[in-house]
Amino acid sequence: MAQLSYRDAVARGIAQEMRRDERVVVVGEDIAGAGGVFKTTVGLLDEFGPKRVIDTPISEQAILGAAMGAAMTGLRPVAEIMFSDFFAVCWDIVVNQIAKTRYMTAGQVTMPLVIKTGNGGGLRFGAQHSQSIENWAMAIPGLKVVTPSTAEDVVGLMAAAIRDDDPVIFCEHKGLYAAKGEVPDGEIIDTLGTAKVRRPGRDATILALGMMVPRALAAAEDLATRGIDAEVIDVRSLVPLDTRTILDSVARTGRLFTVEENPQLLGWGAEIASLVADEAFWDLDGPVQRITTPHIPLPSADSLEDLVMPSAESVARTVEKALQS
Amino acid sequence: MSVPPSLAPFLPGGRPAPRASGGHRPRQVHSPRVRRLAHDRGVHLGGLTGTGPRGRVTTDDVNRAASMAELPLASPVAAPGTVRACHTAVTEVEVTRLTTSPDLLACLVESSVRTVRSVRAATAEVVRTTVSVHGPPGGAPRTVVNAHDLGVQGIQRVLGAADTPLNGSEGQASRPELSVHDLRGTGVLFDVPVLEDSVVVALSFGDVVDRPTVVELPDGGRGIGIGSFVHLALTVDEHLAGASAARLLAQVRQRLEAHESGRSS
């Protein structure tokens, strides 16, 4: 067991799989010599050499085009899109090629490709470098979408993503890179499509993803001081989704809140609200409530960014108000 | 007009959707969870006082009400030494013709009196029969003394009189041994009344229900028509010698069917 930062856990997860399987390669801008702009690939070049850890030109289309070709011809690439906002410039390759190749070849060509990306806001990077794009990706059939919130989960879910034969969008929250957590020694392999109950509770279910998980946990501790026992579930994987853990929790608590960093419209919480309305309506003791960033571009000013993103205070306030009305 | 946050992104320059006025909302709104729990535990939500925010009924309220309902009743009947063991039988009988006239209650009283008298006669017990008639709900019970002396029309006349109790014939009023309970208009098909004091037989009936049934056609064939039906529940004290609820109810039914077909004597 060792203390490991979220950013170091990314490198550890990739290295674990590169040692096991020589087909695993890493490509991206500044990921080799520089160890990644966010330092998530530090040490990989030294251990595995330039044939498996490859710097690319500043072209997201080139990165994903090359990675897709490599995946189609037998490698298991991990490609980095430095800021998830930049998916917008290579979206055709992601949506029309990577997501659909396995389907359009009737399963003859698999796509064992992980696209890791720095995602999310809170770091004053402004509207073009702060977006949470999980809901872009989960709207495309053929893509899997994962967002870990702890260092241990980064290692285990990265291993699971690399071993998966489908393309996985692996969203690393930039605001969590410095966060440290206990990580067991040895090989860690997690399972895609599994959520984790971070804090059990009786009165309300709070679903959160990425950096919203620690904020939801802080909100739950605050609520506990006022007699509200909230359960916090780290969704971790949007596609596939752990519907059982979510529905079981709603069946127990009767109340559901989603904490989403994305702008309100078409956020992942809306999809889960729809699911709960279909499958657990008679368990509900009140309306599902979504706590999201408003439907606006994310501001870069400190005070404004803090104001619009869901915070522990806004989560606690919303849950308490709902349970008292 | 203030715009709720959930609607804001849909309204860049658009018109806010009208919100339901608080004055038009039902006074009590029950969540789906509470409604399902109440259904599962047989609790009537309308009768509950909510302890949740703004008087909302909570799952705890429903569970509490259900637990209360399951407690043994603290009525005199349940007191030691006064427990009366009873049997109840239930049947359904067609009353299509009787419902078109006002004498269904009178026919049932008459049929019950005859049935009780047949038991009494067989055991050479008292032959005077007094009936306590309850219902329709909200009205005071009426007593028909010496009902065995009356036919359907006589009973109907007595029940229609304002100054009951009345005697069917001259004689001293006695304590009722039969009670008839008319629950029509309540939406209830029948209930199982408590046998009070001297009552040894109770007959309960409720709403008359129309439904498709097999009818005889004028040409002797059979077809589907609409018939009116009523449920009868007869409860009898098990110490009433020679009586069983099923046998007594069969007699009442037979007598009522005779009234229905116009063959009664």
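Kindly work out what percent of the DSSP beta bridges joining two residues of chain A are antiparallel, to the nearest 5. List each step's numbers first, then the result.
Numbers: 9 of 43 bridges.
So the antiparallel bridges in chain A amount to around 20 percent.
What value, in deg cm²/dmol to 500, does the helix sum -39500 (n - 2.57) over DSSP H runs of n ≥ 4 give at 222 nm once divided by the residues of chain A? Working shown, then result.
Numbers: 11 runs with 110 residues, N = 325.
Theoretical 222 nm ellipticity from helices: -10000 deg cm²/dmol.
Taking only C-alpha pairs under 8 Å that are 6+ residues apart, what is the relative contact order of chain A in percent? Intermediate results must be reported in sequence, preceding the final value.
Details: 713 pairs, mean separation 53.2, N = 325.
Averaging sequence separation for qualifying contacts and normalising by length gives 16 percent for chain A.
With the cut-off at 25 Å, tell me which of the pairs A:Lys174/A:Lys321; A:Lys144/A:Lys174; A:Lys39/A:Lys196; A:Lys144/A:Lys321 have Cα atoms farther apart than that.
Working: A:Lys174/A:Lys321 31 Å; A:Lys144/A:Lys174 20 Å; A:Lys39/A:Lys196 27 Å; A:Lys144/A:Lys321 35 Å.
Over 25 Å Cα-Cα: A:Lys174/A:Lys321; A:Lys39/A:Lys196; A:Lys144/A:Lys321.
Please state the relative contact order of segment B:200-261 as a whole percent: Cα pairs under 8 Å, 6+ residues apart? Kindly include the intermediate steps, with their values, before the conclusion.
Values: 71 pairs, mean separation 19.6, N = 62.
In percent, rounded to a whole number, it is 32.
Taking R0 as 60 Å, what's the FRET efficiency between B:Leu217 and A:Arg317 from their Cβ-Cβ distance, rounded to 0.05?
Working: r = 73 Å, r/R0 = 1.22.
After rounding, the FRET efficiency stands at 0.25.
In the protein assembly as shown, what percentage of the DSSP-assigned beta bridges are antiparallel, given to the nearest 5? Write down the numbers at each step before the final one.
Working: 34 of 79 bridges.
Counting only bridges with both partners in the protein assembly as shown, antiparallel ones make up about 45 percent.
Pick out, from A:Gln3, B:Val152, B:Gly46, the residue whose Cα sits farthest towards the positive end of the charge dipole of the protein assembly as shown, with +1 on the Cβ of Lys and Arg and -1 on the Cβ of Asp and Glu.
Farthest towards the positive pole: B:Val152.
How would B:Leu11, B:Leu183 line up from fewest to most surrounding beta-carbon atoms within 10 angstrom?
Fewest-to-most ranking of B:Leu11, B:Leu183: B:Leu11, B:Leu183.
Over all alpha-carbon pairs of segment A:38-134, lay out the pair-distance distribution in 10 Å bins, whole %, shortest bin first.
15, 42, 32, 10, 0
Could you estimate the translational diffusion coefficient of segment A:136-197 from the Stokes-Einstein equation, with Rh from the Kirkwood formula over C-alpha pairs, at 37 °C and 0.692 mPa s, in whole µm²/s?
For these conditions, the coefficient is 263 µm²/s.
Strictly greater than 19 Å: what percent of every Cα pair in segment A:2-183 meets that? Numbers along the way, then the final one.
Values: 8687 of 16471 pairs.
More than 19 Å apart: 53 percent of the Cα pairs in segment A:2-183.
What's the Kirkwood radius of segment B:27-71 in Å, using all Cα pairs? Write out the running numbers ahead of the final one.
On the way: mean 1/r = 0.0973 Å⁻¹.
With all distinct Cα pairs of segment B:27-71 included, I get 10.3 Å.
Roughly how large, in nm² to one decimal, is the mean projection of the convex hull of the alpha-carbon atoms in segment A:108-170?
So the mean shadow area of the Cα hull is 4.9 nm².
In what sequence do A:Cys90, A:Cys171 fall when counting other Cβ within 10 Å, fewest first?
If I rank by nearby Cβ atoms, fewest first, I get A:Cys90, A:Cys171.
Trypsin sites (Lys or Arg not before Pro), restricted to segment A:203-260: which are DSSP loop and have at most 13 other Cβ atoms within 10 Å?
Details: sites: A:Arg215, A:Arg226, A:Arg236, A:Arg244, A:Arg252, A:Arg255; in loops: A:Arg226, A:Arg236, A:Arg255.
Qualifying residues, ordered by number: A:Arg226.
Based on the alpha-carbon gyration tensor of segment A:3-63 and its eigenvalue square roots a ≥ b ≥ c, which shape applies: rounded if a/c is under 1.5, prolate if not and a/b is larger than b/c, or oblate? Intermediate values should be presented prior to the final figure.
Details: a/c = 1.91, a/b = 1.24, b/c = 1.54.
Cα axes put segment A:3-63 in the oblate bin.
Provide Rg over Rh for segment B:195-265; use the alpha carbon set for both Rg and the Kirkwood Rh (inverse mean inverse pair distance).
Numbers: Rg = 16.1 Å, Rh = 14.6 Å.
Taking Rh as the inverse mean 1/r over Cα pairs, Rg/Rh reads 1.10.
B:Leu11 to B:Ser118: FRET efficiency via 1/(1 + (r/R0)^6), r the Cβ-Cβ distance, R0 60 Å, to the nearest 0.05?
Values: r = 79 Å, r/R0 = 1.32.
Efficiency, rounded to the nearest 0.05: 0.15.
If you average 1/r over all unlike Cα pairs in the protein assembly as shown and invert the result, what Kirkwood radius do you get in angstrom?
30.4
Can you pull the Kirkwood radius for segment A:210-253, inverse mean 1/r over Cα pairs, to one decimal in Å? List each step's numbers first, then the result.
Numbers: mean 1/r = 0.0868 Å⁻¹.
In segment A:210-253 this quantity evaluates to 11.5 Å.
Would you kindly compute the Cα radius of gyration of segment A:256-310 and its largest Cα-Cα separation (Dmax), both in Å?
Here Rg and the maximum Cα pair distance are 13.4, 43 Å.
Restricting attention to the alpha-carbon atoms of chain A, what are Rg (one decimal) and Dmax (integer), both in Å?
Computed over the Cα atoms of chain A, radius of gyration and Dmax are 19.4, 61 Å.
Normalised by the residues of segment A:2-183, what does the relative contact order come to in percent, with Cα pairs under 8 Å and at least six apart? Walk me through the numbers before you get to the answer.
Details: 379 pairs, mean separation 50.7, N = 182.
Here the relative contact order equals 28 percent.
Can you give the log10 of the normalised intensity I(q)/I(0) at q = 0.13, 0.17 Å⁻¹, computed with Debye over equal Cα scatterers of segment A:196-323?
-0.47, -0.81
Read the figures in this text as sums done on the coordinates, not as results from a lab. Quantities reported herein were computed from a predicted structural model and do not represent experimental measurements. Heads up, the Cβs are rebuilt from the backbone with ideal geometry, glycines too, and the neighbour counts pull from every protein chain shown.
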